[in-house]
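Can you read through this structure? Questions will come right after.
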Amino acid sequence: AVIAWRTADWHNDTYEVTRNELADVERLPLFFDEKRRTARLVSIDNIFTDIPTPLHYLFNFGNIRIETAATQGEFTFDSVADPAGVAAEIRRRIDAARRREEQESARQHARELTDWFELYDRLRNTEVGIKD
């Protein structure tokens, strides 16, 4: 019964990586409790993989530790298949999220610059009208 409970507990825990965020969902079997922690991908600082034993290495299972600058702190993904591949995918999504954020920031600056030029043009035309 203990082994079945622990296996069900391990199976219910999910690690989700979306376009913009990372989620660690821990569920107990039989819907007793659920804890969900999320962090934005752009707030991730470091990703570490750990393959604890030769048996884990043989079956390509390991742990991933993710450090964030967010208040949630550290995320640990325990006993995931292909930890190096998962870490590489998370890094790829972090890069894509950072590029999207930079592009949005550049678009915002371009809009602000247009507004500044429009305001400058109005002020300049007002001054020209006053002098005449």
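The values are calculated or read from the model by the stated rules, or taken from the named source; none is laboratory data. Here the structure is a predicted model, which means the values were calculated and not measured. A quick note on method: Cβ atoms are made from the backbone with ideal geometry, for glycine too, and the neighbour counts reach across all protein chains shown. Accessible surface areas use protein heavy atoms only, side chains included; no ligands, DNA or RNA. Shrake-Rupley method; radii C 1.70, N 1.55, O 1.52, S 1.80 Å.
Examine the stretch 48-59 for a residue that is in a strand (DSSP E or B), closer than 16 Å to residue 97 by Cα and not polar (S, T, N, Q), and state whether such a residue exists. Let's see the steps before the verdict.
Initial filter on the stretch 48-59 (in a strand (DSSP E or B)): 48-50.
Narrowing the set further to residues that are closer than 16 Å to residue 97 by Cα leaves none.
Among the residues of the stretch 48-59, not one is in a strand (DSSP E or B), closer than 16 Å to residue 97 by Cα and not polar (S, T, N, Q), which makes the answer no.
Next up: In the stretch 76-129, what count of residues is obtained for those that are outside any helix (DSSP H, G or I) and surrounded by 12 or more Cβ atoms within 10 Å (Cβ to Cβ)? Don't jump to the end; show me each part of the working.
Going through the stretch 76-129, the residues outside any helix (DSSP H, G or I) turn out to be 76-82.
Now narrow it down to the ones that are surrounded by 12 or more Cβ atoms within 10 Å (Cβ to Cβ): 76-80, 82.
So the answer is 6.
What are the pairs with Cβ atoms under 7 angstrom where one residue, in the stretch 45-58, is free of Cβ contacts under 8 Å to residues at least 24 places away in the same chain and aliphatic (A, V, I, L, M) and the other, located anywhere, is open to solvent by 80 Å² or more (accessible area, probe 1.4 Å) and part of a strand (DSSP E or B)? Sequence gap at least six, or different chains.
none
Across the stretch 34-64, which residue is nearest to the chain's Cα centre (by Cα) among those that are open to solvent by 80 Å² or more (accessible area, probe 1.4 Å) and basic (Lys, Arg)?
40
Counting only residues that are open to solvent by less than 100 Å² (accessible area, probe 1.4 Å), over 14 Å from residue 94 (Cβ atoms) and not in a helix (DSSP H, G or I), how many does the stretch 16-33 have?
In the first step, residues of the stretch 16-33 are kept if they are open to solvent by less than 100 Å² (accessible area, probe 1.4 Å); the result is 16-18, 20-29, 33.
Subset that is over 14 Å from residue 94 (Cβ atoms): 16, 23-29, 33.
Now restrict to residues that are not in a helix (DSSP H, G or I): 16, 23-28, 33.
The qualifying residues number 8.
Could you go through the stretch 65-75 and let me know if any residue there is part of a helix (DSSP H, G or I) and either free of Cβ contacts under 8 Å to residues at least 12 places away in the same chain or surrounded by 15 or more Cβ atoms within 10 Å (Cβ to Cβ) (or both). Lay out the reasoning, then the answer.
Step one: of the stretch 65-75, the residues part of a helix (DSSP H, G or I) are none.
The answer is no, given that none of the residues of the stretch 65-75 is part of a helix (DSSP H, G or I) and either free of Cβ contacts under 8 Å to residues at least 12 places away in the same chain or surrounded by 15 or more Cβ atoms within 10 Å (Cβ to Cβ) (or both).
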